[in-house]
Amino acid sequence: MRDSDRTRPAGRAMARRLFEQVRSHYFGLPSAARRAIGVGVLLGALALALAFGWSPFTTLIVTVLLLGYGALAMRFPRGAATVLVVAAWTWLVLAMVWTTAEPPALAGLLLLGPLAGCVAHLIRWVPPWATTLVALLPGALLTVAAGVGLLAATVALWGACGSAAVALAYRFMKARDVRAVLAARERPEPVRVRAREAVPQRPGQADGGAPPKITVEEALAELEGMIGLEPVKEQVRSIAASIEASRLRAEAGYATEPPMRHFVFVGPPGTGKTTVARTLAKIFYAFGLLRTPQVVEAQRADLVGEFLGATAIKTNELIDRALGGVLFIDEAYSLINSGDGQPDRFGAEAVQTLLKRAEDDRDRLIIILAGYEKEMSAFLASNPGLSSRFATRVRFPTYTPEELLAITEVLQARRGDVLAPDARPALLARYEDVHRRGLVDELGNARFVRTLVEAAAQARDVRVVSAGGTPTREELVTTTVEDVAKAFDEITARFRGYRRIPSLEEALADLDRMAGLEPVKRQVHAITAQLRVARMREEQGLPVQTQMRHFVFTGPPGTGKTTVARILGRIFAALGLLARPDVVEAQRADLVGQHLGATAIKTNELIDRALGGVLFIDEAYSLVNTGYTGGDAFGTEAVQTLLKRAEDDRDRLVIILAGYEREMDRFLATNPGLASRFNQRIAFPSYTPEELTAIAELLAEQAGDRFDEQARRDLAEVFTWVCAEGLIDGLGNGRFARSLFERAAMRRDVRLAAQDTPATPAELTTITSADVRGAVEELAGR
């Protein structure tokens, strides 16, 4: 570390925090907004120049330089102070150029400031801004003297260059002295910075190779350069401040424990966990708490052996390889693999070995466990030692659409590519769509962006080459809206359920087209209105009551419960309350396992499959089978798991329990949690004869067929009779109407195929009374 790192006063720390806040707000603005502000500043400067009679050209040059210096300071915070020194130098030289009789000679001094600043940043162990100031100060005096006529401009030019060279040489010698003093200083305290010359050789390091030189400022600058992740950056800055405070207490003579710790990184994939782990390694290394900034990355396969006993050996070898640096274990929860309901002895052995070494080697090793938050919480709860030794948790948030777009622009810039002007808003709209639907984590956050950038570049190359002729330089690097759309559609097509969501109007129109079910339609429209208003209130920052997410559908079979469930899923998806409109249909056999413990696993797997959409459980009352002596332990386990997930995942899942009314009432009464969580009930009535006739005619119309007049009268007569006799629920309501239509159409086809003359188009599409009566006799015989 440089001496300035050790003696930084509180005032400078406050100034740094203020600068970091300004920089955070700066990068929070879209690049288009930053450019617009820059243009506004230029126009304002020109307006002032015209108002006060200044030279517009000179004013424009000065303003552009100042804006450039400001952007440079935001992009490279470590050189912010140097930028200010160089900016002051530039201003002084320009002021003197306006007054001197030899402006070309003095104008040459404009290059001296940036050159001195660049050289100063190559001289370590002393602050670069101070080196730049010392190098330029004599030249500033000479420039002023030339400006007021006391000195020739040529003399001032060469004098400033010579004095800068001497000052830089002096600062280089002082830097060597500072480094020698720091290297020779004794450090009895445990948290003092260790001498870098004592670093042992690491694997892959050449004999006699010097360890890398990294400062805390450089490591934090890498972190600040990452897009988004503001909570993570704040937490890492706090960790660095804690280490610095511990070092200062030790230097003041207080007893201090080494500020080493182990971490848990939780968050979705592609949010920079591995990158931040490397930054943390550099920070601890820069403070002298680690011998190397090396990060060893591992997963379950790197720790677990093929037989008991081999796991401990394999885990110890991995930890030995990471000693002195950081061990990063991704998807750490996979070490406890209980997928088959049985304890994972190999994983448990790895965890026990890991815990022992985490304690024994805590002064020379940092371990980071990473993974999804819910899975990591369950993993840490599986062993008390994990929670106590891995107490520092860092949460990585999902990237926002604006941050995804910023990452896209950074990746494109690295490739030398650019987005077409109209491609940027189109891409932002697509990012907003996946964010609204909650699919950013599933797509992979920044990994998805990287894949998209590569696919869009490939689509552009194919388009440019296929067009023929010789493309221009601009065409070779410009990604258009069409390239982005093609790449986006290709990538998202691989993910389950990602497709265009029908609009709310389309979903409600399909509901209204259903025959009958007027009470159901009114209730679904009312639910939709409540959800829409709640969404509006939330967007305007108003308090919102807990929205209904889980439902009970009661009614006889064939009354459209599954169809309405699909429409409800489309409504929730259209309102942005679900990621996809998919409906996963299930019954008891899909939830209940064959032994205790397996049921919870099976139920959780089913729910995981339905996440982001609708889970529709038909005949849900069968989950509690009262016919078993001593109760239904398997069904009860399924219900308990279902209730927990209904609460835990209420923001990304809709569960619908369906069945006969009386049976569902008894089922809901078996557990108070069912009635409280499934408090929205929709009752489906039996169809009337008129509604059944309308269903049959609608089915015929969808198939391109029609009933003749007598056939329609026969249909009405049949449906009236079965409803009057109370047989319609047993026959399946709408299913009976479908079966009757399908049988009648089949009898028509058999009749036409048997006749000698070719059938006319009218005959091919008309179902007669004879066809209907034959179908009724066939179904009655069954």
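Mind checking the full-extension length gain between residue 587 and residue 513? Use 0.36 nm per residue of separation minus the Cα-Cα distance, one decimal, nm.
23.8 nm
Of interest is the spacing of the C-alpha centroids, which for the range 455-498 and the range 280-317 amounts to 41 Å. A simple spin-label model places pseudo-atoms 7 Å from Cα toward Cβ; at residue 234 and residue 165 they are separated by 5.1 nm.
For the range 259-355, the list of chymotrypsin sites (Phe, Trp or Tyr not before Pro) that fall in a loop by DSSP and count at most 12 other C-beta atoms within 10 angstrom reads 307. Shape analysis of the range 504-683 places it in the prolate category; the axes a ≥ b ≥ c from the Cα gyration tensor give an a/c of at least 1.5, with a/b above b/c. For a modelled paramagnetic label at residue 375, 7 Å from Cα along Cα-to-Cβ, the residues of the range 437-458 in reach, with backbone nitrogen under 18 Å, are 439-448. Ranked by the mean number of other Cβ atoms within 10 Å of their residues, highest first, the peptides 354-366, 129-141 come out as 129-141, 354-366. Spin-label model, residue 60 to residue 413: label points 7 Å out along the Cα-to-beta-carbon direction sit 2.5 nm apart. In the structure displayed, which of 314/374; 486/602; 374/521; 213/374; 213/233; 233/314 lie more than 30 Å apart, Cα to Cα? Exceeds cut-off: 486/602; 374/521; 213/374; 233/314. Under 13 Å from the Cβ of residue 480, count the other residues' Cβ atoms, weight Lys and Arg +1, Asp and Glu -1, and hand me the total. It works out to a net charge of -3. When the square roots of the Cα gyration tensor eigenvalues are ordered a ≥ b ≥ c, the ratio a/c for the range 401-492 is 1.5 or more and a/b exceeds b/c, which makes its shape prolate.
Averaging the Cα positions of each part gives two centres, and for the range 703-763 and the range 353-368 these lie 76 Å apart. Quick one: what does P(r) look like for the range 546-640 with 5 Å bins over all Cα pairs, in whole %? With a bin width of 5 Å, the distribution comes to 2, 13, 20, 21, 18, 15, 7, 3, 1, 0.
Would you please give the FRET efficiency between residue 249 and residue 363, computed as 1/(1 + (r/R0)^6) with r the Cβ-Cβ distance and R0 = 22 Å, to the nearest 0.05?
According to the calculation, E is roughly 0.80.
When each of the peptides 163-175, 476-488 is scored by how many other beta carbons lie within 10 Å of its residues on average, the order from highest to lowest is 476-488, 163-175.
Measuring r between the beta carbons of residue 750 and residue 666 and using R0 = 35 Å, the FRET efficiency lands at 0.15. Note down the Stokes-Einstein diffusion coefficient of the chain in µm²/s, whole number, using a Kirkwood radius over alpha carbon pairs, 4 °C, and 1.567 mPa s. Rounded, D is 39 µm²/s.
Put in line by how crowded their Cβ is, counting other Cβ atoms within 10 Å and starting with the fewest, 319, 617 read 319, 617.
Per-peptide packing, taken as the mean over residues of other Cβ atoms within 10 Å, places 35-41, 708-714, 649-655 in the sequence 649-655, 708-714, 35-41 from highest down. Between residue 306 and residue 463, residue separation times 0.36 nm minus the direct Cα-Cα distance comes to 51.5 nm. Where Lys and Arg each count +1 and Asp and Glu each count -1, what net charge lies around residue 463 among other residues with Cβ under 10 Å from its Cβ? Within the 10 Å Cβ shell, the charges total -2. Share of pairwise Cα-Cα distances greater than 22 Å in the range 216-395 is 45 percent (whole percent).
Hey, what D do you get for the range 689-781 in µm²/s if you plug the Kirkwood alpha-carbon radius into Stokes-Einstein at 20 °C and 1.002 mPa s?
161
Multiplying the residue separation of residue 605 and residue 395 by 0.36 nm and subtracting their alpha-carbon distance yields 73.1 nm.
Each label point was placed 7 Å from the Cα along the Cα-to-Cβ direction; for residue 144 and residue 257 their separation is 5.6 nm.
Every number here is computed from the coordinates shown, using simple stated rules; none is lab data. Note that the structure is a prediction, hence the values are computed from the model and not measured. Please note: Cβ atoms are built from the backbone with ideal geometry, for glycine as well, and neighbour counts cover all protein chains shown.
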